[in-house]
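Beneath this line is the structure, given in structure tokens, with notes to follow.
The values are calculated or read from the model by the stated rules, or taken from the named source; none is laboratory data. On a predicted model such as this, the values are computed, not experimentally measured, just so you know. Don't worry about glycine lacking a Cβ; one is built from the backbone with ideal geometry, like all the others, and counts go over all protein chains shown.
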Amino acid sequence: GAINESHVDQEVTLYGWVHRRRDHGGVIFLDLRDREGIAQIVVDPDTEESFATAERIRNEFVVMVKGRIRRRPEGTINKDMTTGAVEVLGKEVVILNAAATPPFPLDDYVDVGEDTRLKYRFMDLRRPDMLNKLRFRSKVTSYIRNFLDGQGFMDVETPILTRATPEGARDYLVPSRTHAGSFFALPQSPQLFKQMLMVSGVDRYYQIAKCFRDEDLRADRQPEFTQIDIECSFIDENTLMNIMEEMVREMFHDLLDVQFSPFLRIPYSEAMEKYGSDKPDLRIPLQFTDVADLVAPVDFKVFSGPANDEKGRVVALRVPNGASISRKQIDTYTKYVSIYGAKGLAWIKVNELEKGAEGLQSPIVKFLGEEVAMQIMTRLGAENGDIVFFGADKAKIVNEAIGALRVKLGEDLDLYTCKWAPCWVVDFPMFEETNDGGLTAIHHPFTSPACTPEELEAAPEKALSQAYDMVLNGTELGGGSIRIHDGAMQKTVFRILGIEDEEAEAKFGFLLDALRFGCPPHGGLAFGLDRLVMLMTESQSIREVIAFPKNQSAACVLTQAPGVVDNKQLKELSISVRKPVKEEK
Ligand code: ASP
């Protein structure tokens, strides 16, 4: 990839893989590839030995070529290649290693099943676009290290074999041989270690850290993933957010030539109200409009039920010029929102507003009544040609279903107003309700509330936290918080979460201890490196930017992990395996 016209007449030695071999009646062309690019080698029959070798070469053979760089003949220059003006006249060609026929072609982009790609990942990574993603990822980590080093952050490693670190997922457990019957947990994040480093006086910490969460997988999740983990002492929310924003803005500028304006800061409540999501995709201009008050009195239970329910929500989503969406497409959207628990998808097409309710086309206007339908149109500022979708259910379902619909419509109708839309979401509540009526921490239990312990105990469900998320194009890039640095406050939060003092001592005694010995006020955050690189390289999934990812069922197809272990090993670990639960039943 590095040779060009300035090297003409120089003798070179090149090593690489044969991307393609072409036999052109008497002359053999080898496209020789390494990670920097491709160079064309020409082997003439008058160099007999090399020619004979070249004849034996097949795609992906590893070879060494010695030769002279020369200008390509007029008319054969390839402007699409950085080396396209030159070629190497190969005088000596040596096969360093043969290669079996590749499981899929590397020189042409063909759609290969993902499991095949993962099984032969070492080959898949030879594809230039895959290598480029790895290269870009390396640039991102170097950039971040440089930035953080420059700001006085110190890289400290924390253990992989540890105790449960609650981030709300299932743990991966590792049995201990030396403590029979006991287990290590792999860290869901280095959260408590980084907080203890603050107690130690490290002051500014970072780590490019592997984290492990045994969760159901989606396109942007992996059981094992990488965080850029950061913590800082003597800092407030604002200062911390400013440093992190500066890092991301400068990185996008320097690596992608993208210039961001200062990030919007959106309170959680506003994000939920307008977009039904705490990670709004602000490239899409659509917003929710609450209409519960308008539909509360109507005799249409589907709407009036949730409108009169404290936990219900009724929203309208106006899509300008959406009236051309076909019935069939609406059916597809109805199916789509049902994934999120919505029982249906009501809609109104605005055909001729000047005719009043008669100009509205919809299965529900007759149930709403003309007056209410028109009141809704007025509130929405509806115009002819629009379509309006409705969500009416428990607020959680409406937010998720119509929030997802908003994103889907943005994608399908290409409603994007810009390519990149970063923001911060701030002022998260401390807790949310669990299905069994208890409370769970929205961020994690070490996040500091924005109120006193007394206020917190009096009304935990109302308390806000000092947590913040950085969101880009509807994806959470990172999140963090100012932490609790006071033992009493920490115990209060544990109690609210149903962890009584005794249990707290047993599980988090080391943290409570640390808080007793002069813990500085501190806070931090963590970015998901894989997601960040996925977005920056415009990849479809995080698996595209991880060298050796797990597949959708959390397995490594390449090494066949997880695997069965033999009984001797299990015995050493004092473990016996029950039959899989399914079989037992
Ligand atoms: N430990 C948190 C997480 O993994 C990030 C943080 O609060 O710094 O989400």
### Task
Kindly provide the set of residues from region 220-264 that are away from the ligand (no atom under 16 Å from the Cβ), in contact with a strand residue (DSSP E or B) (Cβ under 6 Å, 6 or more places away or on another chain) and farther than 22 Å from D530 by Cβ, ordered by number.
L264
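Table: residues versus (1) in a strand (DSSP E or B); (2) of a type in the set (A, V, I, L, M).
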site	(1), (2)
I28	yes, yes
D31	yes, no
P45	no, no
A54	no, yes
N59	no, no
### Task
Search region 174-199 for residues being within 13 Å of the ligand (Cβ to nearest atom) and without any contact (Cβ under 8 Å) to a residue 40 or more places away in the chain, and hand back the single one that is surrounded by the fewest Cβ atoms within 10 Å (Cβ to Cβ).
F193
### Query
What single numbered condition from (1) farther than 18 Å from G524 by Cβ; (2) at pLDDT 95 or above; (3) surrounded by fewer than 16 Cβ atoms within 10 Å (Cβ to Cβ) fails to hold for Y120?
(3)
### Query
Just a yes or no: is a residue in region 209-225 polar (S, T, N, Q) and more than 23 Å from G474 (Cβ to Cβ)?
no
### Query
Considering only residues of region 487-520 that are on the phi < 0 side of the Ramachandran plot and outside any helix (DSSP H, G or I), which is surrounded by the most Cβ atoms within 10 Å (Cβ to Cβ)?
C519
### Query
If you check P445, P422, P449, P453, which single one turns out to be over 28 Å from S338 (Cβ atoms), in contact with a helix residue (DSSP H, G or I) (Cβ under 9 Å, 6 or more places away or on another chain), modelled with pLDDT under 95 and not hydroxyl-bearing (S, T, Y)?
P453
### Query
Restricting to helices (runs of 4 or more DSSP H) lying wholly in region 286-389: which have 3 or more residues that are buried (at least 20 other Cβ atoms within 10 Å of the Cβ)?
301-307, 370-380
### Message
Suppose we keep only residues that are assigned to a loop (DSSP other than H, G, I, E, B) and more than 16 Å from the ligand (Cβ to nearest atom) within region 449-468. Which one would you say is surrounded by the fewest Cβ atoms within 10 Å (Cβ to Cβ)?
### Response
A459
### Query
Across region 253-285, what is the number of residues that are in a loop (DSSP other than H, G, I, E, B) and surrounded by fewer than 17 Cβ atoms within 10 Å (Cβ to Cβ)?
7
### Query
Got at least one residue in region 541-552 being within 30 Å of M247 (Cα to Cα) and part of a strand (DSSP E or B)?
no
### Query
Just one of the numbered conditions (1) under 30 Å from K419 (Cα atoms); (2) in contact with a helix residue (DSSP H, G or I) (Cβ under 8 Å, 6 or more places away or on another chain) is not true of I330; which one?
(2)
### Task
Could you please tell me which pairs satisfy a Cβ distance under 8 Å, a separation of 6+ or placement on different chains, a first residue in region 449-470 that is among the small types (G, A, S), and a second residue that is away from the ligand (no atom under 16 Å from the Cβ) and part of a helix (DSSP H, G or I)?
A463/E455; A463/L456
### Task
Determine the pairs where a residue that is within 14 Å of E246 (Cβ to Cβ), located within region 133-155, has a partner that is part of a helix (DSSP H, G or I) with Cβ atoms under 6 Å apart, the partner being 6 or more residues away or on another chain.
Y143/M251; F147/M247
### Task
Could you please let me know if T559 is touching a Phe, Trp or Tyr at 6+ places or on another chain (Cβ under 9 Å), surrounded by 13 or more Cβ atoms within 10 Å (Cβ to Cβ) and not aliphatic (A, V, I, L, M)?
no
### Query
So which of D129, D171, D115 is within 16 Å of the ligand (Cβ to nearest atom), farther than 23 Å from M247 by Cα and within 24 Å of the chain's Cα centre (by Cα)?
D171
### Message
Criterion first (touching a Ser or Thr at 6+ places or on another chain (Cβ under 7 Å) and either charged (D, E, K, R) or under 28 Å from I442 (Cβ atoms) (or both)) does D566 satisfy it?
### Response
no
